[in-house]
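Only one structure is covered here, and it is reproduced in the block below.
The values are calculated or read from the model by the stated rules, or taken from the named source; none is laboratory data. Bear in mind the structure is a predicted one, so any value in this text is a computation, not a measurement. No Cβ is skipped: glycine too gets one built from the backbone with ideal geometry, and neighbour counts run over all protein chains shown. When the accessible area is computed, the model is the full protein with side chains, heavy atoms only, and any ligands, DNA or RNA have been set aside. Shrake-Rupley method; radii C 1.70, N 1.55, O 1.52, S 1.80 Å.
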Amino acid sequence: MSTEMPEFEMPDVVPPPLPAPGPGTLAPTAAAPTAVGETELTAEPALEAPPIPSRPRVVWRHVLAAALVGVIAGAAVPAALQAFDRAAAAAEIDGMRSLATDYLTAIAEGRADDATALAPSAARTPLAPAPVLAAARPIERTEVRLVHLDGDRGSVEVRYRVGGSDIFGSLDVERRDGRWQLATTLVEPVSVYSSDDRSTLTIAGMTVESGRALLYPGVYVPESDAGPVLVSRAESFVVDGDPRSPTETYRMSELAPELSELAAAHALAAVAACQRADACEVPAGETLRTTDQVHVVFSDLERGRLDLSVPLSPESPTGTWLDLQVRLSVDADGRPLDWLCGRPGRFDGDLSPCPAID
């Protein structure tokens, strides 16, 4: 297509009509025809009107070209600036999106150190050792959804799936030293509740302290901790990365199997003695049995003391279910020192030495 401007040329300007002559003004007249037979008269010549100066010719193609150049130049400057601004904003948004994507990918792949490097603020707080995240069941279906930019600050909306639930969150981003960095992270502390004095978990051979170590999103399965007196197990738990939902788990302590058998035997002996003395709620002749689990109500291993609850179930379908309190003292190696028993169905602290067992 040709880019030359079309040429336009206007016709010469036609002079406007002269005004009608007023009084004392002589208008130019044309010589009247002389009729045959008439006498030709000589009249004074009429006054001539002053000449009208001619107007300069206007070459319209020059005017149109100049106007068009002005319009193009005036529009091109802001358009170029707008295009530059849009390109710069797109580059910034791509940088924020890439940062969030790398962060989610590092968490999903169990690379805690890489995730922490992308969020330096997390490095200033206690983090669980890297093998803990590597042992977790990872997050899935990571997605960066929307990016909001406001100068040197912004936010990135993310989505991922963990523990069977879809999590929607937002990461704040700041420009530091010319680079985008995460200002918030997805790490959370886990609170460990237990019936004993131990509030730690063992995951991938690493110790995680209650409320002190931060964990990345994932599903965590603590390991059992078997000792000479107690076997500790904790429920699996989910870290979703949302600070509005606390992360908690319950640490259960069970008596070691051989001590559990001894506790059940002492409880049955105490019930039988109570029946013989006709001093308890269990009718004479009713047979009770213990269940498979002895509950640890309280433990203080430093002092070698454990309070236990032994469930008792009747053989008769119309019988009464009861619990019997048993207190065990052990030495440093977990060997029993003495057994104290209560009365069936009562936890008033009235304990006495358990009867001997056969």
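Numbers for the structure displayed
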read-out: Per-residue HN-Hα couplings for region 179-184 [Karplus 6.51, -1.76, 1.60; θ = phi - 60°; Hz; x = Gly/Pro]; value: 10, 7, 9, 6, 9, 10
read-out: Distance histogram for region 287-358 (every C-alpha pair counted, 5 angstrom bins, percent rounded to whole numbers); value: 3, 15, 22, 25, 18, 9, 4, 2, 1
read-out: Total formal charge among the other residues, if their Cβ is under 10 angstrom from that of Tyr216, Lys/Arg +1 and Asp/Glu -1; value: 0
read-out: Positive-end extreme of charge dipole, region 188-280 - chosen from Ala234, Ala204, Ala269 (charges on Cβ); value: Ala269
read-out: Region 232-358 - Rg over Rh from alpha carbon coordinates, Kirkwood radius; value: 1.08
read-out: Protein-only accessible surface order, largest first, of His266, His295 at 1.4 Å; value: His295, His266
read-out: Average Cα contact separation per residue, region 313-358, under 8 Å, 6 or more apart, as relative contact order %; value: 29
read-out: Theoretical gain in end-to-end length, Ala265 to Asp94 [0.36 nm per residue, Cα-Cα removed]; value: 54.6 nm
read-out: Label point 7 Å beyond Cα of Ser224 along Cβ direction - residues of region 323-358 with amide nitrogen under 18 Å; value: none
read-out: Model label zone, Arg303; criterion: amide N under 17 Å from point 7 Å along Cα-to-beta-carbon; scope region 194-235; value: 195-198
read-out: Percent of Cα-Cα distances greater than 19 Å, calculated over region 226-283; value: 59
read-out: DSSP-defined antiparallel bridges as percent of all bridges, region 145-301, nearest 5; value: 90
read-out: Projected label distance in nm at Phe347 and Glu209, using a 7 Å step from Cα toward the beta-carbon; value: 3.0
read-out: Per-residue SASA entry for Glu281, accessible area with 1.4 Å probe, Å² rounded to 10; value: 130
read-out: Karplus-derived 3J(HN,Hα), 6.51/-1.76/1.60, for each residue of region 225-242, Hz, glycine and proline x; value: 10, 9, x, x, 10, 10, 10, 9, 9, 10, 5, 5, 9, 10, 9, 9, x, 9
read-out: For Ala234, residues with placed amide H under 5 Å, excluding near neighbours; value: Met252
read-out: Cut-off under 5 Å, modelled amide H: who pairs with Thr184 long-range; value: Asp172
